[in-house]
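Single-structure report; data block below.
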């Protein structure tokens, strides 16, 4: 049993059984994998593995309508997934020291389009994660302090800064997708319960 609220400052008491699902499979960074990749690149690759696992866990069984839903005006899950896939490409383009292409800029403008097909969105994510992993492996052995510029204004950062941002930006949008998925599922459950009454 974890400490009571009086002992820990928590407002609720939990048993370890409440967290057993978290202990069945450690997160990628705790699996001892990718040891051939230097630490920063390895951490980014592990973040992408976790993103893939979490998105599949929370979003794979959703319908196309649910993927495109915008509860409370939030961006759709389809948008979050497309944004993850396409921003990986953009950020890694900057990490490679290149400017964005016209095609990348067009794809950026289309990320929030309605009516995304589920197979296409999931295929785009899989392709982006696979391609990104290869690109990160290629960058991981370079000098992480090398300067890089982001955007038209060439805002200053480093290769290492961009790689770390690949991980944190991806995880931020995975969290948003999961939160939206939970809202969609709850609204669906509430709607089904109302219909049953």
Q: Would you check if there is a residue in region 143-152 being touching a helix residue (DSSP H, G or I) at 6+ places or on another chain (Cβ under 6 Å), at pLDDT 95 or above and either under 23 Å from residue 178 (Cα atoms) or surrounded by fewer than 17 Cβ atoms within 10 Å (Cβ to Cβ) (or both)?
A: yes
Q | Residues of region 70-79 that turn out to be surrounded by fewer than 20 Cβ atoms within 10 Å (Cβ to Cβ) and either assigned to a loop (DSSP other than H, G, I, E, B) or in contact with a strand residue (DSSP E or B) (Cβ under 7 Å, 6 or more places away or on another chain) (or both), as a count | A | 3
Q. Do we have any residue at all in region 155-163 that's under 17 Å from residue 85 (Cα atoms), at pLDDT 95 or above and buried (at least 18 other Cβ atoms within 10 Å of the Cβ)?
A. yes
(Q) When you scan region 91-109, do you find a residue that is at pLDDT 95 or above and at positive phi, even just one? (A) yes
**Q.** Residue list for region 1-48, filter: modelled with pLDDT of 95 or more, surrounded by fewer than 14 Cβ atoms within 10 Å (Cβ to Cβ) and not in a loop (DSSP other than H, G, I, E, B)
**A.** 30, 39
(Q) Take the conditions in a helix (DSSP H, G or I) and touching a residue at least 60 places away in the same chain (Cβ under 8 Å) and apply them to residue 51. Does it pass? (A) yes
Q: Quickly run through region 101-113 and pick out the residues that are within 21 Å of residue 68 (Cβ to Cβ) and assigned to a helix (DSSP H, G or I).
A: 106, 107, 108, 109
**Q.** From the options 98, 82, residue that is without any contact (Cβ under 8 Å) to a residue 12 or more places away in the chain and either over 23 Å from residue 181 (Cβ atoms) or part of a helix (DSSP H, G or I) (or both)
**A.** 98
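The values are calculated or read from the model by the stated rules, or taken from the named source; none is laboratory data. Here the structure is a predicted model, which is why all the values come from computation and not from measurement. Glycine gets a Cβ as well: all are built from the backbone with ideal geometry, and neighbour counts include every protein chain shown.
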